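A quick write-up on the structure given underneath.
The values are calculated or read from the model by the stated rules, or taken from the named source; none is laboratory data. Predicted model only: the values in this text are computed from it and were never measured. Cβ coordinates were reconstructed from backbone atoms using ideal geometry, including for glycine residues, and neighbour counts include every protein chain displayed.
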Amino acid sequence: MMIRKNASPHTFLPVFLAVLSMACLPVATPPAHAALAQGMAAPDFTLGGALAGKPITFSLKSALSKGPVVLYFFPAAFTAGCTQEAHDFAAAAKQFEAEGATLVGITAGNTERVSEFSKVECRDQFAVLADPGALTAILYHSVNTQHKTLLSQRTSYVIAPDGTILLSLTSDNPEQHVAQTLDALKKWHGNVLQK
């Protein structure tokens, strides 16, 4: 700060105190990346994974040509919350199928174990995709940066056949994901039948 020689102490002191107090304010932390919002276009991707322990290649574009897709990102295979969420989705798999939806999980954690996870924890009911380096999670703004390595954030999307995101849900509570994605599918299905 440059001080002019003719500045009086009465003008210098208030300015100095204002600058000092601003310097002492806490620095705001940058906001976490928010998941893609409802109404946005879902980015297309193709990933390898497993269904019932067998290797598959999944293409979002191809899956959407058959109907809506429920895409759920989870942090890591064989962790407590992710295992519970897989069990919940597996138990509801027939309900998703009744709504004409393809259900698929994606993880950036423990990617080498998706084959086993799809068989054991997903109970052969739906595919699990490996997202090494969290590149697809980054496309979907579903990255958990609170760890030393990039992991998927617990985020679920319901995507209409035209690629529009019908629901975007980020919650650390795995139980909410099944109920809310099913509700969004049923609402979409009801609207389609009314048209």
Residue count, segment 168-181, condition more than 21 Å from Thr79 (Cα to Cα) and surrounded by 19 or more Cβ atoms within 10 Å (Cβ to Cβ), comes to 2
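Yes/no matrix, rows are residues, columns are (1) among the small types (Gly, Ala, Ser); (2) closer than 30 Å to Ala134 by Cβ; (3) under 21 Å from the mean Cα position of the chain (by Cα); (4) at pLDDT 95 or above:
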site: Asn6; (1), (2), (3), (4): no, no, no, no
site: Phe16; (1), (2), (3), (4): no, no, no, no
site: Val27; (1), (2), (3), (4): no, yes, no, no
site: Ala37; (1), (2), (3), (4): yes, yes, yes, no
site: Ala42; (1), (2), (3), (4): yes, yes, yes, yes
site: Thr46; (1), (2), (3), (4): no, yes, yes, yes
site: Leu51; (1), (2), (3), (4): no, yes, yes, yes
site: Ile56; (1), (2), (3), (4): no, yes, no, yes
site: Leu71; (1), (2), (3), (4): no, yes, yes, yes
Over segment 98-111, the set of residues of a type outside the set (Ser, Thr, Tyr) and either in contact with a helix residue (DSSP H, G or I) (Cβ under 9 Å, 6 or more places away or on another chain) or surrounded by 19 or more Cβ atoms within 10 Å (Cβ to Cβ) (or both) is Glu99, Gly100, Ala101, Leu103, Val104, Gly105, Ile106, Ala108, Gly109, Asn110
Meets criteria (surrounded by 17 or more Cβ atoms within 10 Å (Cβ to Cβ), among the polar types (S, T, N, Q), at pLDDT below 90 and within 17 Å of Leu36 (Cα to Cα)) for Asn144: yes
Within segment 73-108, the residues that are β-branched (Val, Ile, Thr) and farther than 21 Å from Pro132 by Cα are Thr102
(1) surrounded by 17 or more Cβ atoms within 10 Å (Cβ to Cβ); (2) more than 19 Å from the chain's Cα centre (by Cα); (3) within 23 Å of Thr170 (Cα to Cα) all hold for Gln95 apart from (1)
Residue hits (segment 114-132; closer than 19 Å to Pro43 by Cα and out of contact with any Leu (no Cβ under 7 Å at 6 or more places or on another chain)) are Val128, Pro132
| request: Report yes if Leu150 is within 16 Å of the chain's Cα centre (by Cα) and modelled with pLDDT under 90, otherwise no. | output: yes
In segment 169-179, anything touching a strand residue (DSSP E or B) at 6+ places or on another chain (Cβ under 9 Å) and either at pLDDT 95 or above or hydrophobic (A, V, I, L, M, F, W, C) (or both) is listed as Leu169, Val178
Selection from segment 148-167 of residues within 16 Å of Gly109 (Cβ to Cβ) and either touching a residue at least 24 places away in the same chain (Cβ under 8 Å) or surrounded by 22 or more Cβ atoms within 10 Å (Cβ to Cβ) (or both) yields Thr149, Leu150, Leu151, Ser152, Gln153, Arg154, Thr155
